[in-house]
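Colleague: Sending over a structure as C-alpha cells; questions will come in a sec.
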Amino acid sequence: QVQLVESGGGLVQAGGSLSLSCAASRRTFNSYRMGWFRQAPGKEREFVAAISWSVPSTYYADSVKGRFIISRDSAKSTVNLQMNSMIPEDTAVYYCATEGSGQPRVAVDTVWGRLGFGSWGQGTQVTVSS
C-alpha cells in the first residue's frame, strides 16, 4: 500500500490562507502523478489539483483556479497545496492522493488525459469561517 500523510489543516477566516503538505515515499513521489481532493459533508469527493513530474505541469479544478497553488518539493518528497483567498465553500476534509487502483477510485479528466486516483491519505480537516 502507498503511504500518504497529510498535515496543515485547521481553521481560517474567509479571505485568509492555509498551506497543506503531503508526505510520500521517494519511490511514490517519483512514480505517480499526485493530487489533492476534498470532501464536504453530504457531497462526493471532488478533485482540487494535481501535479506531474515535469515543470510546468499542473492542473486545477475551476473552483480553485487562481486561488490555490500545488507544488512539489523533491528534496522532501512532499506535495504541497497553498490555499489563498479562501471561501466558506472550501470547507472540507482534504485528501492527498496518487494514481492507483484502490478504493474509492476517482477518475479525473486532466491536461494529461483521464487519470484514476485510488491511493489516499487519512485526510485533514479544513474549515473556513465567515
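Colleague: When the helix-only estimate is applied to the chain (DSSP H runs of n ≥ 4, each -39,500 (n - 2.57), divided by the residue count), what is the mean residue ellipticity at 222 nm, nearest 500 deg cm²/dmol?
Modeller: Computed mean residue ellipticity for the chain: -500 deg cm²/dmol.
Colleague: Averaged per residue, what accessible area in Å² does the chain show with a 1.4 Å probe, protein chains only?
Modeller: Computed with neighbouring chains in place, this is 53 Å² per residue.
Colleague: In a Gaussian network model over the chain where Cα atoms closer than 10 Å are linked, find which of Ala40, Ala14, Ala75 has the largest mean-square fluctuation.
Modeller: Ala75
Colleague: Moving on. At a Förster radius of 25 Å, what calculated FRET efficiency corresponds to the Cβ-Cβ distance of Arg26 and Gln122, to the nearest 0.05?
Modeller: 0.80
Colleague: According to the square roots a ≥ b ≥ c of the eigenvalues of the Cα gyration tensor, what is the shape class of the range 58-123, taking rounded for a/c under 1.5, prolate for a/b larger than b/c otherwise, and oblate for the remainder?
Modeller: Note, shape of the range 58-123 comes out rounded.
Colleague: Stick to Cα atoms and the Kirkwood definition of Rh, then tell me Rg/Rh for the chain.
Modeller: 0.93
Colleague: Over the range 6-49, what percent of the accessible surface lies on carbon and sulfur atoms, probe 1.4 Å?
Modeller: Result for the range 6-49: 44 percent of the exposed heavy-atom area is carbon or sulfur.
The values are calculated or read from the model by the stated rules, or taken from the named source; none is laboratory data. Just so it is clear, the structure is predicted and the values come from calculations on it, not from any experiment. Glycine also receives a Cβ, built like all others from the backbone with ideal geometry; neighbour counts cover every protein chain displayed. Only protein heavy atoms, including side chains, enter the accessible area calculation; ligands, DNA and RNA are left aside. Shrake-Rupley method; radii C 1.70, N 1.55, O 1.52, S 1.80 Å.
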